[in-house]
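Read the structure below first, then the notes.
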Amino acid sequence: METEQQQRESINASLSQGTLAIEGADTANLPKLPPASEPESQWQQISRQISHYLGKLPEYLSSFFKDYKQPLITVGLILAAIITAKLVLAVLDAINDIPLLSPLLELIGIGYASWFIFRYLLKASTRQELADEIQFLKNQFIGE
């Protein structure tokens, strides 16, 4: 029989190992519990979820772009066309606000249209020359 002092030492030794000693049991084979930790606060849980999401974000984006590549390109081209049209209209409006520039550009346009009609559209031979020139430029552009 053990004395009271030996029992206390046995209990203290088993508590320091993380287990409670049972009389007559071998404490070396008992599983050890992990040390107690404080529960996560709500902010820690939210930050852990956010960091997990941000870690997976490149995978999410790559799969999204892979699945919707063609519609995204179409939407991008439509947006680019709208922005370009608005920009061109703004530049033309700014040019139109310059005094005497708008009537001058109209006169230049009327003069060039008159020259083009007189040069290429009045005679059949010059119309054929224009058609040949257009066909040559088309073939050169296409690469035939």
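Couple of notes before you dig in:
- Computed E for residue 102/residue 127 - FRET, C-beta separation, R0 22 angstrom, nearest 0.05: 0.10
- Prolate/oblate/rounded call for the range 44-144, Cα gyration tensor, a/c under 1.5 rounded: oblate
- Of all accessible heavy-atom area on the range 38-80, the percent that carbon and sulfur account for (1.4 Å): 65
- For the range 92-144, the share of accessible area belonging to carbon and sulfur comes to 68 percent (1.4 Å probe, ligands and nucleic acids excluded).
- Summed residue charge, Cβ within 14 Å of residue 92's Cβ, Lys/Arg positive, Asp/Glu negative: -2
The values are calculated or read from the model by the stated rules, or taken from the named source; none is laboratory data. Here the structure is a predicted model, which is why all the values come from computation and not from measurement. Neighbour counts are summed over all protein chains in view; Cβ atoms, including those assigned to glycine, are modelled from backbone coordinates with ideal geometry. Accessible surface areas use protein heavy atoms only, side chains included; no ligands, DNA or RNA. Shrake-Rupley method; radii C 1.70, N 1.55, O 1.52, S 1.80 Å.
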